[in-house]
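What follows is a short report on a single structure.
The values are calculated or read from the model by the stated rules, or taken from the named source; none is laboratory data. Predicted model, so just to flag it, every value in this text is computed and none were measured. Here the Cβ positions follow ideal geometry from the backbone for every residue, glycine too, while neighbour counts run over all protein chains shown. To get the accessible areas, we keep the full protein, side chains included, count just its heavy atoms, and leave off ligands, DNA and RNA. Shrake-Rupley method; radii C 1.70, N 1.55, O 1.52, S 1.80 Å.
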Amino acid sequence: MTKTKKFLATGAGVVLLVVAVKATAPVGVTVSRWAGVIEAGHFRHHEEQTTGLKLELKTNMDTDFTLSSVVVNPGGNVGWHTHSGPVFINIRRGTLTLVEYRDGICERRDVGSGLTILEQGTGVHNAYNLTGTTVEYATAAWAPHGVPQRIDMADPGCVP
């Protein structure tokens, strides 16, 4: 359960109000994580002469970087959440159904094996396995150092 604290100032002093928000827990999910810190700076990979690939990563602050391997059993879901930075998701096996709630609208999309998508860290979302087989995927996530990359959220009422 996530708790949000609010302060209310009165003439007699400060009153603490605690409002509980019920987060949704993952169901039928196994996660393995590897994490480290990327120091602020500029990283480049230039292989343009041999492969044509040019890749740059710039950070303006120390950044936590996490690689995760996720397995979602049939009927399972990862729970409603958001991110404090971008997350790449690569589907290794199966089809993952992503449901996102943003600006009062629920959107659904199915992402199949071999595809990679980018979540920008906006909106509240959940990932479901609506199939009869296991879904496996990997994530690469970035967030400011010391800030949680995943923030559990309440179910906004979207139906997969």
Task: Accessible area of segment 31-91 belonging to carbon and sulfur atoms, whole % at 1.4 Å probe - done: 53
Task: In nm, spacing of pseudo-spin labels at R92 and T131 (7 Å Cα→C-beta vector) - done: 1.4
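For segment 44-147, what is the relative contact order in percent, using Cα pairs closer than 8 Å and at least 6 residues apart in sequence?
Details: 236 pairs, mean separation 41.3, N = 104.
Result for segment 44-147 is 40 percent.
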TODO: Using per-residue counts of other Cβ atoms within 10 Å, averaged over each peptide, order 132-145, 109-122 from highest down.
DONE: 132-145, 109-122
Open item on the list: Could you give the length gained by full extension between M61 and A138, i.e. 0.36 nm per residue of separation minus their alpha carbon distance, to one decimal place?
Closed with: 25.3 nm
